[in-house]
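The values are calculated or read from the model by the stated rules, or taken from the named source; none is laboratory data. Every value quoted in this text rests on a predicted model; they were computed, and no experiment measured them. Counting neighbours? That spans all protein chains shown, and the Cβs are built from the backbone with ideal geometry, glycine included. Please note that ligands, DNA and RNA were not included when accessible areas were found on the heavy atoms of the full protein model with its side chains. Shrake-Rupley method; radii C 1.70, N 1.55, O 1.52, S 1.80 Å.
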Amino acid sequence: MDVHPWELRLGDVVPFSDHVGRPVIDIRAVSLGQRARCLTFADLPPVTVHGRIRVYRRCELRAA
């Protein structure tokens, strides 16, 4: 799914150009108005996100 930076959650998996999806382990607001986010991954330097980003999120099934 494509999400805005303020919709990101811990555990969202972000695909990178090396075709490896990495889970977000920390999220911090970094701009005035808190629209941008700094994402931390286990094996990469932090990445700042300003616009929509594609993530894969675990779907939870809910019974009605």
Roughly how many debye, to the nearest 20, is the charge dipole of the chain about its Cα centre, given +1 on each Lys and Arg Cβ, -1 on each Asp and Glu Cβ, and no other charges? 200
Grab the other residues whose beta carbon is less than 11 angstrom from that of Pro46, score K and R as +1, D and E as -1, and report the net. +1
Whole-percent carbon and sulfur contribution to the accessible surface of the chain (1.4 Å, no ligands, DNA or RNA) stands at 54
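Mind checking the per residue accessible area of the chain for me, 1.4 Å probe, whole number of Å²? Intermediate values should be presented prior to the final figure.
Working: 4890 Å² over 64 residues.
Counting only protein heavy atoms, the per-residue value for the chain is 76 Å².
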If the elastic network links every pair of Cα atoms under 10 Å, which of Gly33, Gly21, Gly11 fluctuates the most in the Gaussian network model of the chain? Gly33
Give me the Kirkwood hydrodynamic radius of the chain in Å, from all C-alpha pairs, to one decimal place? 12.4
Within the chain, which trypsin sites (Lys or Arg not before Pro) sit in a loop by DSSP and count at most 13 neighbouring Cβ atoms inside 10 Å? Arg9, Arg52, Arg57, Arg58, Arg62
